[in-house]
Amino acid sequence: MQQSASGTDSDILHKRREVDAEIDGLTLVDWLGRTAEEHGEKPALSQRAPGGSDPEWITLTWAEYRRAALETAAALVECGLLPGEIVALMLPNRSEHLVADMGAVHAGGVPLTVYATFAPEQVAFVADDCGASVAVLQGAAELERWRPALENLPHLHTVVLLDDDAVPAEPVAGGAAFVGWSEFRRRGRDAYAADPSPVHERMTALRPEDTATLLYTSGTTGRPKGVPETHRQVLFQATATLRANDVPVGGSSISYLPLAHIAERVLSVYLPLRVAGHLHFCPDPTQLGAYLGMVRPHTLFGVPRVWEKLQSGLSAALAAAPEEQRKAVDDAAATARAYLEAGQYGGSRSAELEQRFAEADEKLLAPIRALVGLDRCTSFTTAAAPMPAETLRFFSGLGVLVRDVYGMTENCGAVTLNRDDAYKFGSVGRPSDGMEVAIAGDGEILVRGPVNTAGYLNRPEDTEALFDAQGWLHTGDLGSIDDDGFLYVVDRKKELIITAGGENIAPASVENLLKENALIGQAMLCGDGRPYPVALLTLDAETVPGWASARGIAETDTAALAEHPQVLAEVQRAVDAANARLARVQQVKRWRLLPVEWTVEGEELTPSLKLKRRIVQHKYADAIDGLYAD
């Protein structure tokens with residue numbers, strides 16, 4: 001062990017005991033019950049009604065949410081779900097998703113949200129690996145993804161379809177019974193009204209060490225791995241998160257990332273249970289900007305790609321403003337950046353800077369944030385990949401402190417975080433309450449504490465490799481810790497590029513420099529075993545049309561613009577600017593601008609928007625080889 005960011009043993013133990021005292025003996029059932037009792041009339045879950053240009057919100061209160069979960073639990077018990085069995089969910093972000101999820105918990109079952117982008121063979125593997133007994137699917141499209149698996153899943157006895165019209169008229173091979181959501185809920189209402197005791201017996205039997213949910217890693221390589229999380233783990237994680245963030249009771253938030261992602265589950269499923277949060281569902285992440293204006297959330301989490309997209313849209317809007325107004329905004333942004341930079345851990349702000357920021361914020365920055373629905377937001381966070389410095393700089397210029405956190409599925413979410421009163425740009429913060437973080441001799445980040453999973457489902461060898469003899473979880477990430485205990489993530493251990501000359505290069509840092517140019521939406525560095533680094537690049541589809549129009553280029557198609565001489569010249573300038581800040585061995589010698597963006601649907605990104613390097617390398621092998629050809 002070379003470095004530790006965990007503080008003294010007594011400090012760690014004290015904080016751990018404080019969190020444990022808040023959740024002692026409790027489960028998710030207790031949290032939902034307490035909130036429904038204390039805040040029953042407050043709104044809990046809201047989604048837009050279908051149809052119309054301005055559809056209304058359909059809302060469940062906390063009392064209605066709990067009642068729906070209890071009735072769904074009764075339906076699950078009636079259909080034969082046994083304690084500890086898996087209820088697999090493939091649903092978009094909507095109220096029924098959480099009702100089914102918490103219904104499974106109240107029935108003593110284990111909810112598992114399956115990524116809706118998983119291919120049929122991945123669905124079949126996951127469903128078989130966990131032994132799913134019940135599946136709750138959205139409709140015909142999801143049923144098609146599951147159909148190849150149904151013939152080979154003898155343990156799957158019930159399939160519920162949210163779209164009643166998608167229920168098959170004829171039996172499907174495999175023997176599972178099909179039922180529409182409306183009928184399933186009716187059965188649950190009747191069963192619970194007739195005799196609630198079977199459900200309450202299951203609820204009473206739950207213990208903090210029981211599994212509360214099962215997640216499968218989205219997996220940049222190989223088959224997904226199942227990660228069980230206990231009630232104690234998710235309650236500990238949610239409590240530690242609340243202790244580090246300004247989250248008001250009854251505050252609003254938006255659920256738009258896949259609920260198969262641990263961060264989205266903590267922030268949208270678990271944390272609201274504790275603070276009676278009002279969750280608004282955005283079923284299409286590309287519509288986040290519109291939902292921000294409608295919801296005006298109090299908290300906002302996004303992976304870096306989400307913040308980059310928001311930056312592109314806001315940059316285009318600000319660039320269209322009159323020159324005099326742009327100058328005033330630029331001046332205000334410079335003041336905001338200075339204010340947030342001076343507020344980093346160990347720094348100080350002068351009274352004059354405090355005054356200048358207050359004036360700039362009141363006159364210009366706060367109104368801009370209000371225009372995009374961020375006027376009530378007090379907590380802005382990001383995770384999953386390094387945040388590009390230019391994106392962080394952009395939002396700092398709006399008076400928005402986007403705080404990096406760090407964690408993984410195996411940690412049930414965050415294990416380090418930047419706080420409003422203790423942050424450093426470029427870092428992922430210091431350990432959350434009760435957690436220990438250290439750096440191994442080879443630079444790998446190690447984590448130990450109550451939120452760590454006990455291991456992978458049905459993977460004893462992988463579990464053994466995950467932990468060492470001292471109980472440290474090996475994250476597979478490389479990092480360093482500074483003298484103030486702040487953690488810095490360098491890159492994934494397995495993603496380091498080792499050139500033919502033996503030079504080690506962390507690709508993420510180079511890629512983020514390339515993406516500082518507004519035209520470049522995505523970048524991937526290549527060069528493992530090769531003589532020098534090269535890069536595959538894509539254009540930012542939201543930025544490039546405006547950029548082209550401002551320069552008199554009539555073309556608007558992204559693929560065509562990727563071949564335009566002026567665009568290529570600008571990209572070369574971006575590469576040159578990045579290279580000027582890199583060591584010679586890190587510099588991009590050649591590059592290729594691709595005609596399309598990488599997407600989840602194209603399989604270049606995981607559902608949590610991480611880059612699948614192996615997929616991109618395979619898909620564009622000829623392009624990469626071409627960059628090394630004379």
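The values are calculated or read from the model by the stated rules, or taken from the named source; none is laboratory data. Predicted model, so just to flag it, every value in this text is computed and none were measured. No Cβ is skipped: glycine too gets one built from the backbone with ideal geometry, and neighbour counts run over all protein chains shown.
Taking the conditions exactly as written (basic (Lys, Arg), assigned to a helix (DSSP H, G or I) and surrounded by 15 or more Cβ atoms within 10 Å (Cβ to Cβ)), does Arg376 satisfy them or not?
On the way: basic (Lys, Arg): yes; assigned to a helix (DSSP H, G or I): no; surrounded by 15 or more Cβ atoms within 10 Å (Cβ to Cβ): yes.
Answer is no for this residue.
State the number of residues belonging to region 26-42 that are of a type outside the set (S, T, N, Q) and either touching a Cys at 6+ places or on another chain (Cβ under 6 Å) or within 17 Å of Arg202 (Cβ to Cβ) (or both). So that I can check it myself, show each step before the final result.
Initial filter on region 26-42 (of a type outside the set (S, T, N, Q)): 26, 28-34, 36-42.
So of that shortlist, the ones also either touching a Cys at 6+ places or on another chain (Cβ under 6 Å) or within 17 Å of Arg202 (Cβ to Cβ) (or both) come out as 26, 28-33.
Residues that pass the stated criteria total 7.
Kindly indicate which of Glu390, Glu461 is free of Cβ contacts under 8 Å to residues at least 40 places away in the same chain, surrounded by fewer than 20 Cβ atoms within 10 Å (Cβ to Cβ) and not in a loop (DSSP other than H, G, I, E, B).
Working: Glu390 fails: free of Cβ contacts under 8 Å to residues at least 40 places away in the same chain.
After applying the criteria, what remains is Glu461.
Hey, any hits in region 602-620 for a residue that's in contact with a Lys or Arg (Cβ under 7 Å, 6 or more places away or on another chain), of a type in the set (Ser, Thr, Tyr) and either within 28 Å of Phe301 (Cα to Cα) or not in a helix (DSSP H, G or I) (or both)?
Checked region 602-620: at least one residue is in contact with a Lys or Arg (Cβ under 7 Å, 6 or more places away or on another chain), of a type in the set (Ser, Thr, Tyr) and either within 28 Å of Phe301 (Cα to Cα) or not in a helix (DSSP H, G or I) (or both).
What pairs come out if I take residues in region 10-28 that are within 9 Å of Asp433 (Cα to Cα) and pair them with residues that are modelled with pLDDT of 95 or more and aromatic (Phe, Trp, Tyr) whose C-beta lies under 6 Å away, six or more apart or interchain?
Val19/Phe236
With the checklist (1) within 26 Å of the chain's Cα centre (by Cα); (2) surrounded by 16 or more Cβ atoms within 10 Å (Cβ to Cβ) in hand, flag the one item Ala141 doesn't pass.
That leaves (2) as the condition not met.
What tally of residues in region 29-38 results from selecting those that are touching a residue at least 40 places away in the same chain (Cβ under 8 Å) and over 15 Å from Thr211 (Cα atoms)?
Start the filter on region 29-38 by keeping residues that are touching a residue at least 40 places away in the same chain (Cβ under 8 Å), which leaves 29, 31-32, 35, 38.
Next, from what is left, pick out any that are over 15 Å from Thr211 (Cα atoms): 31-32, 35, 38.
Residues that pass the stated criteria total 4.
Can you pull out the helices (runs of 4 or more DSSP H) entirely within region 12-120 that have at least 2 residues that are touching a Gly at 6+ places or on another chain (Cβ under 8 Å)?
Values: elements: 28-38, 62-79, 95-106.
Answer list for region 12-120: 62-79.
Among the residues of region 265-273, are any surrounded by fewer than 24 Cβ atoms within 10 Å (Cβ to Cβ), of a type in the set (D, E, K, R) and either part of a loop (DSSP other than H, G, I, E, B) or modelled with pLDDT of 95 or more (or both)?
So far as region 265-273 goes, no, none of its residues is surrounded by fewer than 24 Cβ atoms within 10 Å (Cβ to Cβ), of a type in the set (D, E, K, R) and either part of a loop (DSSP other than H, G, I, E, B) or modelled with pLDDT of 95 or more (or both).
Hey, can you tell me all the residues within region 409-443 that are assigned to a strand (DSSP E or B) and under 20 Å from Phe236 (Cα atoms)?
Gly413, Ala414, Val415, Thr416, Leu417, Arg419, Arg430, Pro431, Glu436, Val437
Of everything in region 180-218, what is touching a Gly at 6+ places or on another chain (Cβ under 7 Å) and aliphatic (A, V, I, L, M)? Give them in sequence order.
Of everything in region 180-218, those that are touching a Gly at 6+ places or on another chain (Cβ under 7 Å) and aliphatic (A, V, I, L, M) turn out to be Ala205, Leu206, Leu214.
Among Thr286, Thr299, Thr221, which is the only one that is modelled with pLDDT of 95 or more, hydroxyl-bearing (Ser, Thr, Tyr) and over 24 Å from Gly109 (Cβ atoms)? Quick ask: steps written out before the conclusion?
On the way: Thr286 fails: modelled with pLDDT of 95 or more; Thr221 fails: modelled with pLDDT of 95 or more.
Matching residue, one of Thr286, Thr299, Thr221: Thr299.
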